1. Using beta carbons and a limit of 6 Å, which pairs, at least six apart or on different chains, have the first residue in segment 7-36 and at pLDDT 95 or above and the second one hydroxyl-bearing (Ser, Thr, Tyr) and assigned to a helix (DSSP H, G or I)?
2. Any residue that is under 30 Å from Ala140 (Cβ atoms), among the β-branched types (Val, Ile, Thr), open to solvent by 30 Å² or more (accessible area, probe 1.4 Å) and in contact (Cβ under 8 Å) with a residue 12 or more places away in the chain - is there at least one of those in segment 58-72?
3. Taking Arg74 as meeting all but one of (1) modelled with pLDDT under 95; (2) farther than 20 Å from Ile157 by Cα; (3) in contact with an Asp or Glu (Cβ under 9 Å, 6 or more places away or on another chain), write down the number of the exception.
4. Can you tell me which residue among Ala136, Ala86, Ala124 is more than 14 Å from the chain's Cα centre (by Cα), loosely packed, with under 13 Cβ neighbours inside 10 Å and in a helix (DSSP H, G or I)?
5. Residue check, Pro144 against (1) touching a residue at least 12 places away in the same chain (Cβ under 8 Å); (2) part of a helix (DSSP H, G or I), all met but one. Which one?
6. I'd like the full set of residues that are out of contact with any Ser or Thr (no Cβ under 9 Å at 6 or more places or on another chain), of a type outside the set (Lys, Arg) and buried (at least 18 other Cβ atoms within 10 Å of the Cβ), limited to segment 19-48.
7. If the requirement is being at pLDDT below 95, among the small types (Gly, Ala, Ser) and in a helix (DSSP H, G or I), which of these qualifies: Gly56, Gly62?
Amino acid sequence: MAKNESRRNALADAGIALLAAEGSRGLTHRAVDERAGVPIGTTSNYFRSRDALIAGLFERIGARLAPTPDDLARRVSETPSRALFADYVRDIVRRLSTEREVTLALFELRLESARRPELAAMMAAWQRAGFDGDVAFNQAAGLPGGRREIALFHYAIDGLLLDRLTSPIDPDTSTDEVVDALVDGLLPE
C-alpha cells in the first residue's frame with residue numbers, strides 16, 4: 001500500500017465527496033482519481049479494491065467526525081450533568097451537520113450496506129466500535145444514561161440528521177431545541 005498519508009486522505013475525501021454528490025454508484029476508482037485531480041490509477045495504488053476504498057472511507061469519515069482533544073478535555077473538567085450531556089450531544093449534531101458531505105456519504109454507505117452483505121459486515125463493525133466508544137466515554141465522564149440511552153440517542157440523532165440534511169419536517173424549530181427535547185425525554189432525572 002502507498003504510504004503518503006496526505007494523498008491517501010485527499011483520495012478518501014474525494015471519495016466522500018463523490019458519495020455525497022452522486023451516491024454509491026458514482027464511487028469508482030477512476031471517478032475518485034478525477035475528483036481528486038490525480039493521474040488515473042492513483043486511487044487503485046492506495047485502495048486496491050472497492051472494499052478497500054470503502055474501508056478507507058470509513059476510516060476517514062471517523063477521523064473527520066471525531067471531536068477535538070480540546071473539546072473532550074473541556075468537557076472532562078465540567079461536573080457531569082444532563083446539561084453537560086446535552087452539550088455533548090449538540091456538539092455531535094453540530095459536527096455531523098457541519099460536515100454535511102461526510103454525513104451524506106455515511107448515509108449513502110449505510111443504504112448500500114442494506115444491499116451488500118460484505119459491506120453490511122464492515123458497516124456493523126465500524127458502527128459498533130463507535131457506539132462502544134460513546135458508551136465508554138459516557139461512563140468514564142460520569143454522564144447520565146447508560147448503554148440503552150446512548151443507543152436511543154444514536155437512533156434519534158440519525159433520524160434528526162436525515163431530516164435536517166434532506167427535507168426538514170419542522171425547519172422553524174432549531175436543532176438545539178430538538179436536542180434539548182431529546183435529552184429531556186430520553187435521560188432519567
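1. So the pair list comes out as Arg8/Tyr46; Leu11/Thr43; Leu11/Tyr46; His29/Thr43; His29/Ser44; Val32/Thr43; Asp33/Thr42; Asp33/Thr43.
2. No, the conditions are met nowhere in segment 58-72.
3. Looking at each condition in turn, Arg74 falls short on (3).
4. Exactly one of Ala136, Ala86, Ala124 is more than 14 Å from the chain's Cα centre (by Cα), loosely packed, with under 13 Cβ neighbours inside 10 Å and in a helix (DSSP H, G or I), namely Ala136.
5. (2)
6. Scanning segment 19-48 gives Leu19, Ser24, Leu27, Thr42, Tyr46, Phe47.
7. None of the other options fit; the residue is Gly62.
The values are calculated or read from the model by the stated rules, or taken from the named source; none is laboratory data. What you are looking at is a predicted structure, and each value in this text was computed from that prediction instead of being measured. Glycine also receives a Cβ, built like all others from the backbone with ideal geometry; neighbour counts cover every protein chain displayed. Surface accessibility is based on the protein's heavy atoms, side chains included, excluding ligands, DNA and RNA. Shrake-Rupley method; radii C 1.70, N 1.55, O 1.52, S 1.80 Å.
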